[in-house]
2 protein chains.
Amino acid sequence: MTRSLLLSNVRLADGQPVSVSIADGRIAALGAQVEAQPGGLVEDGGGALLLPGFVEGHTHIDKTNWGQSWYRNEVGPALTDRISNEREWRKTSGHDAATQSLALALARAFVQAGTTRLRTHVDIDTDARLRYLDGVFSTRQTLSDVLDMQIVAFPQSGMLIRPGTVELLGSALAAGADVLGALDPALIDGDPVASLNATFELAERYHKPIDIHLHEPGEVGAFTLKLLLDRVEAMGMQAQVVVSHAFCLGALPERERDALLERIAHLRVALLTSAPPSRPVPPLKLCRDKGITIFGGNDGIRDTWSPYGVPDMLERAMLIGMRYDLRRDDDIAIAFDCVSNAAAQGCGFSDYGLHVGARADLVLVDAQSVAQAVVSRPKRRLVLANGRIVARNGELVDAV
Amino acid sequence: MTRSLLLSNVRLADGQPVSVSIADGRIAALGAQVEAQPGGLVEDGGGALLLPGFVEGHTHIDKTNWGQSWYRNEVGPALTDRISNEREWRKTSGHDAATQSLALALARAFVQAGTTRLRTHVDIDTDARLRYLDGVFSTRQTLSDVLDMQIVAFPQSGMLIRPGTVELLGSALAAGADVLGALDPALIDGDPVASLNATFELAERYHKPIDIHLHEPGEVGAFTLKLLLDRVEAMGMQAQVVVSHAFCLGALPERERDALLERIAHLRVALLTSAPPSRPVPPLKLCRDKGITIFGGNDGIRDTWSPYGVPDMLERAMLIGMRYDLRRDDDIAIAFDCVSNAAAQGCGFSDYGLHVGARADLVLVDAQSVAQAVVSRPKRRLVLANGRIVARNGELVDAV
């Protein structure tokens, strides 16, 4: 990792031709006049567009069937149908993130397509206990050189409604999970006050940030969100909480919504959206205008919940662009921001971006503009992670 | 075209292994025991999934920049901004569907990805007159062996508000356009009664079906739609009208919506949706339950309106599936129906499907199920159009 590399002949989003000098896994210099170090390697970028490595802000690699035989979905439509079906299926089908290496296969596919940072929510329940977590720890370890992975301990089957889950979440955090997850305190756990209190107490005890799945719609979602913001404020957890999905913010009267957005901005709570086309979504540009960090993620990919999604953050940016009807080039750049800078900010990935001192996580694509990269999703010409070339012409290099 | 071909070793959607015997461009036999004709060619399908050729129900190949330098979109948000911008840009930029062969490039890309029938709306206005139409006629002629193309004469810049347009539409129909187009009789033309009357009179005079772009939202769209249905009934144009987009049907109170759907079903009016994630859409499964033909299309691809879209009907089926939250395999099959059987039905393409006597338009993909084909959009292993192999392993054969 100490040998230097010059990535020459690439273009920034504004069209400026530059070279990037990389040493010790970091960007050492970036500009028009940057030259190779004596004895260093030189990689000609062929005039391609230089992008920062992509950030997956919300996925579930432990659930995936990526690369496996097709899972025939015959699941009922309710959230609880999907939760029970999955838990039973994983218990009885032999699906196992730890031993089948499905999580690893999906994580490698992310790297192949240019993702160098990733936040994944891992199911913790009283059937599986920490088994899926162990599988994902193993994947994280295997890819530690090339993929910066945050692990969220996530009570997919509910927390208070399944006694023992709080303790398992504590064990998961003690074992190395980075973030405490949570799920619909009213509509799944049935007691928003007690559920949120338990979540914030756990987070405080283990000194961990929170990332909560909030699917609760409209007024009930707004009610839960208000309780959550009260606790962020009371416990001083500013800038340490992400609300994922937050469908309610897409379906409230403007005055009520805007009052919530003001508090969210003030408490530096971040929002995550997968930009689902069939659900209300938080207002992207309005959130940004208010100073809220709002970022993107795939949610699950090829799992028993839903078959959709690919481990390609340019495709997710495209779907975000379509969901929010972003057509102008400057608007589509916002969709890309959701899977790059804003996601790094929202998740708290450090040393991110195209500047001197940042980790050298870089992607080259043949595109005239960021908008074209998002819309046409070209094969990745080159991917660097931690200063090292990890994929070329859409394929992982042998060592990854 | 008279030589026979046996496509052996393929699977139907239900898993049944079959062979397909093709003669004179038609399916001569299809079943488990079908064998090659003496002296006929045999193509081994490698156990792949057999699908009917795809149908693009609504696109605009004359507008596209497919394969050209990136168009930097800085257009304002209103429908009229987009209309004016496009008309001016096409007049001044040198973009020309006839001479630059962009329409041809896009049409060929459709064939490459398995589309064998396509309905395209071509701009007719008092600046361009029939120039774009001539370009698309030329594309249709060039690909006549492999792509069954319907051309809609479409008043993109409005009809009554631009005097001379009615006459140009008449000339377009006389010159060989198959379908009369129309656009927002209230919100663009400003006079829904007069605009619809002119449209139905033109259609009657030239004995052509109608395909109207109806973007008008909510109550005003419902008002226009009612006027339209009155005229379908009065003029006996049952089964000859398509309403494209019909956003209003996604945003009306149920009782009002259902009354309109009953009339739509009764008058055998078909609906087209591109399943836009940022707009209300007609209720897909409810329409089907009521016996309405509802089908899918891309709308424009890489044009000044929007950069999104690819000439791949499996990706459009995926977007339809995501828009309507279709997750079960049997539901995703409905999304595929929207770009195959339902689209052929809605547009009136004849001799369509996987049955004896149908035109041999066939697609092979490596997928275990229709749902997997939709979600993973694999490279097309083989495409046959009119009984002839036109693409192999994702690439057009030389002769196309």
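The values are calculated or read from the model by the stated rules, or taken from the named source; none is laboratory data. No experiment lies behind these values; they were computed from the predicted model shown. As a convention, Cβ positions derive from the backbone with ideal geometry for all residues, glycine included, and neighbour counts pool all protein chains shown.
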Self-check item: Candidates A:390, A:356, A:400 - the one that is at pLDDT 95 or above, closer than 24 Å to residue A:66 by Cβ and more than 14 Å from chain B (Cβ to nearest Cβ)
Solution: A:390
Quiz item: Any idea which of B:107, B:128 is outside the structural domain of residue B:381 (by TED's automatic domain parsing), farther than 26 Å from residue B:314 by Cα and touching a residue at least 24 places away in the same chain (Cβ under 8 Å)?
Solution: B:128
Self-check item: Test: residue in the stretch A:339-352 that is crowded, with 22+ Cβ neighbours inside 10 Å, within 14 Å of another protein chain (Cβ to nearest Cβ) and of a type outside the set (Gly, Ala, Ser)
Solution: no
Quiz prompt | Unmet criterion (only one of (1) under 22 Å from the mean Cα position of the chain (by Cα); (2) surrounded by fewer than 22 Cβ atoms within 10 Å (Cβ to Cβ); (3) on the phi < 0 side of the Ramachandran plot) for residue B:373 | solution = (2)
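What do you reckon, is residue A:320 under 29 Å from residue A:288 (Cα atoms) and in contact with a Cys (Cβ under 9 Å, 6 or more places away or on another chain)? Show your work before the answer.
Working: under 29 Å from residue A:288 (Cα atoms): yes; in contact with a Cys (Cβ under 9 Å, 6 or more places away or on another chain): yes.
Yes, satisfied.
Kindly indicate whether any position in the stretch B:59-75 is within 30 Å of residue B:368 (Cβ to Cβ) and either out of contact with any strand residue (DSSP E or B) (no Cβ under 8 Å at 6 or more places or on another chain) or at pLDDT 95 or above (or both). Talk me through it step by step, then tell me what you get.
Filtering the stretch B:59-75 down to residues within 30 Å of residue B:368 (Cβ to Cβ) leaves B:59.
Those still in the list that are either out of contact with any strand residue (DSSP E or B) (no Cβ under 8 Å at 6 or more places or on another chain) or at pLDDT 95 or above (or both) too: B:59.
There is at least one residue in the stretch B:59-75 that is within 30 Å of residue B:368 (Cβ to Cβ) and either out of contact with any strand residue (DSSP E or B) (no Cβ under 8 Å at 6 or more places or on another chain) or at pLDDT 95 or above (or both).
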Practice problem: Kindly state which strands (runs of 3 or more DSSP E) lie completely within the stretch A:26-125 and contain at least 1 residues that are surrounded by 22 or more Cβ atoms within 10 Å (Cβ to Cβ) and polar (S, T, N, Q). | Solution: A:54-59, A:115-123
Exercise. With a cut-off of at least 1 residues that are among the hydroxyl-bearing types (Ser, Thr, Tyr) and either in contact with a helix residue (DSSP H, G or I) (Cβ under 8 Å, 6 or more places away or on another chain) or not assigned by TED's automatic domain parsing to the domain that holds residue A:102 (or both), name the strands (runs of 3 or more DSSP E) lying wholly within the stretch A:214-319.
Key: A:270-273
Quiz item: Is there any pair with a first residue in the stretch A:205-225 that is surrounded by 15 or more Cβ atoms within 10 Å (Cβ to Cβ) and a second that is aromatic (Phe, Trp, Tyr) whose Cβ atoms are under 7 Å apart and which are 6 or more apart or on different chains, and what are they?
Solution: A:215/A:247; A:217/A:247; A:221/A:247
Quiz item: Restricted to the stretch A:274-309, and to residues that are aliphatic (A, V, I, L, M) and more than 8 Å from chain B (Cβ to nearest Cβ), which residue is farthest from residue A:57 (Cα to Cα)?
Solution: A:286
Quiz prompt | Unique residue being surrounded by fewer than 21 Cβ atoms within 10 Å (Cβ to Cβ), part of a loop (DSSP other than H, G, I, E, B) and small (Gly, Ala, Ser) when the list is A:171, A:138, A:157, A:144 | solution = A:144
Self-check item: Contacts under 6 angstrom Cβ, first residue in the stretch B:63-75 being facing chain A (nearest Cβ under 9 Å), partner among the charged types (D, E, K, R) and in a loop (DSSP other than H, G, I, E, B), 6 or more apart
Solution: B:73/A:327; B:73/A:328; B:74/A:328
Quiz item: Is it the case that some residue within the stretch B:297-320 is free of Cβ contacts under 8 Å to residues at least 40 places away in the same chain, more than 28 Å from residue B:80 (Cβ to Cβ) and not small (Gly, Ala, Ser)?
Solution: no
Quiz item: How many of the residues making up the stretch B:310-336 are among the hydrophobic types (A, V, I, L, M, F, W, C) and facing chain A (nearest Cβ under 10 Å)?
Solution: 7
Exercise. For the stretch A:367-387, name all the residues that are part of a loop (DSSP other than H, G, I, E, B), away from chain B (no Cβ under 12 Å) and among the basic types (Lys, Arg).
Key: A:379
Practice problem: Mind listing whichever residues of the stretch A:92-135 are at positive phi and touching a Lys or Arg at 6+ places or on another chain (Cβ under 8 Å)? | Solution: A:114
Quiz item: Mind checking which residues of the stretch B:147-204 are among the polar types (S, T, N, Q) and without any contact (Cβ under 8 Å) to a residue 60 or more places away in the chain?
Solution: B:165, B:171, B:195, B:197, B:199
